[in-house]
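Structure, as structure tokens:
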Amino acid sequence: MKLSNFASEFDPADVPTIVGDPMINDPLKVGVEALGTAHRVDRSLLNLLTDAVHGYYFAKQACLTLRAAALTQEGHLRRGTETVVQSLLRSAVIGIATTIDLTGHGRTASIPHALEVLGEVLRRKIAQNPDDDAQAALELLGHIRLTTNVDTVLSLKYVRHLRNKWAGHASLDRSIDPWAGADTHVNLPLLEDALARMVNAFQDLAVLVPMSIDLKDIEQEGNPPRVLADGAVEIEMKLGWAGANALSRAMRELAKEAAVAFVEKVS
């Protein structure tokens, strides 16, 4: 007797009707460029703080306790706990990997792409009007880019490898390639080294900005004052680039506290 097809638990009527296809590269490129350079760097910082720093330290703290709890559990509870641990670790790897991403035709919130778009602005200015300050800033941006190079920095290479071979893809390579022990476990010290390097890379950018008139102007132009109908001037509160290090430290503590509260509630 033929078994019935595997079916969704949702009613067919719940499946939405979607017209058209996702946007293709050309209009996406135009749209992302229209966001402005400062906005793209802002998004890079926000992504670093939320997806990478908070995501990693939440996973690290929660998994520490959950793994120990799983050893004393049995049956469905143990399998459920192990599933949560694996999901958190995958999410942590992917979160850090977003900060080093070089895919998406330059349209990601990664730090290399943020540095790249700043470099493009400086190169255009130098091409139009050669300037020693802009040239020096461009060279320093290049130095920061080197610290985010996934081909030469071991921990960053590890994150990319683990994302590609496990966290983000169901790759069969992992069962064949034992490089860095990534075929059997997740190395938290390597993950954390990669994360620290990316936080410090953004902080290096923040240190460079006030030293360059052009970079300083880019950050300021990203948050122009707005005159309201009554004549009052409104300035949006935003994350300052110079706060990358301090904000990362704060997010680390918030994530750990959230993980402790979560584990206490579910255990």
Taking alpha-carbon centroids only, the stretch 91-148 lies from the stretch 206-267 a number of Å equal to 19
Quick calc, the stretch 145-196, dipole around Cα centre from Cβ unit charges on Lys, Arg (+) and Asp, Glu (-), nearest 20 debye, gives 160
Show me, for the stretch 156-165, the HN-Hα J-couplings you get by feeding each phi into the Karplus relation (A = 6.51, B = -1.76, C = 1.60, θ = phi - 60°), rounded to Hz, glycine and proline as x. 5, 4, 5, 4, 4, 4, 5, 5, 6, 9
Counting Lys and Arg as +1 and Asp and Glu as -1 over every other residue whose Cβ sits under 14 Å from the Cβ of R90, the net charge comes to +2
Helix 75-97: inclination vs the chain longest Cα principal axis, degrees, rounded to 10, gives 20
Among the GluC sites (Glu not before Pro) in the stretch 160-267, which ones are in a DSSP loop with at most 16 other Cβ atoms within 10 Å of the Cβ? Mind listing them? E236
Assigned charges on the beta-carbon of Lys, Arg, Asp, Glu; the chain dipole about Cα centre (debye): 860
Alpha carbon centre of the stretch 162-183 versus the stretch 8-70: separation in Å? 22
In the list (1) 1.24; (2) 1.05; (3) 0.93, the entry giving Rg/Rh (Cα atoms, Kirkwood Rh) computed from the coordinates is (2)
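Bear in mind that the values in this text are calculations on the coordinates, not laboratory data. Note that the structure is predicted; figures quoted are calculated from it, not measured. So basically every Cβ, Gly included, is an ideal-geometry build from the backbone, and we count neighbours across all protein chains shown.
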